[in-house]
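As structure tokens, the structure follows; a few thoughts come after it.
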Amino acid sequence: MTIPFHSNSRQNNNIAASLSAALSQHDYCDDASFGRSIEQFERELASYCGARFAVGVGSGTDALTIALTALKLPPHSEVITCGFGFYATAAAILRAGLTPVFVDAEPDSYLISPEAVLAAITEQTSAILPVHMFGEPASIRELSQIAIDHELALIEDCAQAVGARHGDYTAGTFGDSAAFSFNWSKHLSCTSNGGAIVTNDEHQVETLRALRAYGSAGGFWHPEFGINSKLNPFEARVLSAKLPHLDGWISRRRDIADRYRKNLGSCALLQLPSPSESGHVYHKLTIRHSRRDELREYLKQHGIGSMVCYPHLLGEHTPVASRSRSRDLTNAKAAADTALSIPIWPELTDVEVDTISEHITAFCETP
């Protein structure tokens, strides 16, 4: 049996009729780049998140870059984020002309530590950028209070967290704005790339819309320095077709996570994500083992895909190293050295989940 780390084929086949119908209704208007398909998805996403506005863009990285740029923060001022995560977070901060400051994760999760954030604030700090890593919300209320107390902007990186909730909080609605990704690998995915920015600020939304179109105010007048980042209208149709299924897919991901916990709970030296009340959507199911690389190779030999997310701290990447600063990253480094993401896409069968679990258990029982 071969089980890939990630697959969209079963999902797309399951909703093939909906996808075909959505694409057949595409509006071939003269202004296709910002046509009704995109506007429709923007309204649907904002409603789903419980926000007032959504602005579709070409990728999650563009979404984060534009969201940061729209705040008009002082050039080269510092943005505090977690040192463990995907490169795009650091790249977006740099693209916006700002300076990343990397702080530690919580010891038992991959989420930014509020205590580490507080300790890193200086006179140069202008914003806090928490990442809801792997689909679990960071301590957003505590981080929001820190931002208020220190008069800092708060931008949420929700690239992996669409649909994540904690009580009455929905990921993406607590900060000044939030960036989402719909890359093909995400749990709400288009066929290639896409992204969006969500905000409740009616003044900021006009800036966001301008920045995705070269900073245009219309009439070939460009008062802002923006970029060309447009959500493809065909991708918008795909996303509109998939969005009504998202909560069901998230529910299945949570069931799979529970099944892994039940199956793997007795494995020595294996750290599993703790059962969470934070509305984790399990974009990724990430375990930790001191022999991570050996475990990954063992799974590969048995036809099971996995992925190391992420083996390098953000401040270690060459384009970032000399343009950022890092605080103590003890917990982040431990995560980078031991974390392994295993299959959790919602179309996995229970038999497949049990098969993966059996191989992980066999590895853990091997001296």
Among (1) under 18 Å from His6 (Cβ atoms); (2) in contact (Cβ under 8 Å) with a residue 40 or more places away in the chain, Asp255 falls short only on (2)
Given the conditions (1) more than 19 Å from the chain's Cα centre (by Cα); (2) buried (at least 24 other Cβ atoms within 10 Å of the Cβ); (3) on the phi > 0 side of the Ramachandran plot, report the number of the one that Phe220 does not fulfil. (2)
Checked region 234-256 for anything under 17 Å from Ile342 (Cα atoms), surrounded by fewer than 17 Cβ atoms within 10 Å (Cβ to Cβ) and either touching a strand residue (DSSP E or B) at 6+ places or on another chain (Cβ under 8 Å) or not basic (Lys, Arg) (or both); matches are Asp255
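Any residue that is part of a loop (DSSP other than H, G, I, E, B), surrounded by fewer than 18 Cβ atoms within 10 Å (Cβ to Cβ) and out of contact with any helix residue (DSSP H, G or I) (no Cβ under 7 Å at 6 or more places or on another chain) - is there at least one of those in region 257-272?
Yes, that holds for at least one residue.
Conditions tested, residue by residue: (1) small (Gly, Ala, Ser); (2) over 25 Å from Arg209 (Cα atoms).
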{"residue": "Ser113", "(1), (2)": "yes, yes"}
{"residue": "Ala119", "(1), (2)": "yes, yes"}
{"residue": "Thr122", "(1), (2)": "no, yes"}
{"residue": "Glu136", "(1), (2)": "no, yes"}
{"residue": "Asp149", "(1), (2)": "no, yes"}
{"residue": "Asp157", "(1), (2)": "no, no"}
{"residue": "Val162", "(1), (2)": "no, no"}
{"residue": "Thr173", "(1), (2)": "no, no"}
{"residue": "Ser181", "(1), (2)": "yes, no"}
Tell me which strands (runs of 3 or more DSSP E) are completely within region 64-166 and hold 3 or more residues being within 30 Å of Trp249 (Cβ to Cβ), or say none if there are none. 153-157
Residues in region 165-181 that are of a type outside the set (Phe, Trp, Tyr), touching a strand residue (DSSP E or B) at 6+ places or on another chain (Cβ under 8 Å) and surrounded by fewer than 24 Cβ atoms within 10 Å (Cβ to Cβ): how many? 2
Pairs, please: C-beta under 9 Å, at least 6 apart or cross-chain, first residue more than 14 Å from Ile80 (Cβ to Cβ) and in region 105-124, second among the charged types (D, E, K, R) and part of a loop (DSSP other than H, G, I, E, B)? Ser109/Glu136; Tyr110/Glu136
Which residue pairs have Cβ atoms under 8 Å apart, sit 6 or more places apart or on different chains, and have a first residue in region 322-340 that is assigned by TED's automatic domain parsing to the domain that holds Thr122 and a second that is assigned to a loop (DSSP other than H, G, I, E, B) and surrounded by fewer than 21 Cβ atoms within 10 Å (Cβ to Cβ)? none
The one condition Pro244 fails out of (1) modelled with pLDDT under 95; (2) part of a helix (DSSP H, G or I) is (1)
Has region 15-36 got at least one residue that is over 18 Å from the mean Cα position of the chain (by Cα), modelled with pLDDT of 95 or more, of a type in the set (D, E, K, R) and at negative phi? no
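With within 15 Å of the chain's Cα centre (by Cα), more than 19 Å from Phe102 (Cα to Cα) and in the same structural domain as Leu211 (by TED's automatic domain parsing) as the only criterion, which of Ala51, Ala91, Ala63 stands out?
On the way: Ala51 fails: within 15 Å of the chain's Cα centre (by Cα); Ala91 fails: more than 19 Å from Phe102 (Cα to Cα).
Only one candidate passes the filter, namely Ala63.
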The residue that is surrounded by the most Cβ atoms within 10 Å (Cβ to Cβ), considering only those in region 288-341 that are β-branched (Val, Ile, Thr) and touching a Leu at 6+ places or on another chain (Cβ under 9 Å), is Val320
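Assess whether Phe234 counts as being out of contact with any Phe, Trp or Tyr (no Cβ under 7 Å at 6 or more places or on another chain), part of a loop (DSSP other than H, G, I, E, B) and assigned by TED's automatic domain parsing to the domain that holds Glu136.
Answer is no for this residue.
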Selection count, region 130-146, where residues are acidic (Asp, Glu) and either in the same structural domain as Leu314 (by TED's automatic domain parsing) or crowded, with 20+ Cβ neighbours inside 10 Å (or both): 1
For Tyr282, only one of the following conditions fails: (1) surrounded by 16 or more Cβ atoms within 10 Å (Cβ to Cβ); (2) out of contact with any helix residue (DSSP H, G or I) (no Cβ under 7 Å at 6 or more places or on another chain). What is its number? (2)
Pairing a residue in region 70-92 that is over 25 Å from Asn183 (Cα atoms) with any residue that is in a loop (DSSP other than H, G, I, E, B) and aliphatic (A, V, I, L, M), where Cβ atoms lie under 9 Å and the two sit 6 or more apart in sequence or on different chains, gives Leu73/Ala96; Leu73/Leu98; Pro74/Leu98; Pro75/Leu98; His76/Leu98; Ser77/Leu98; Glu78/Leu98; Glu78/Ile121
Count of region 173-184 residues which are small (Gly, Ala, Ser) and modelled with pLDDT under 95: 1
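The values are calculated or read from the model by the stated rules, or taken from the named source; none is laboratory data. Just so it is clear, the structure is predicted and the values come from calculations on it, not from any experiment. We place every Cβ from the backbone using ideal geometry, glycine too, and count neighbours over all the protein chains shown.
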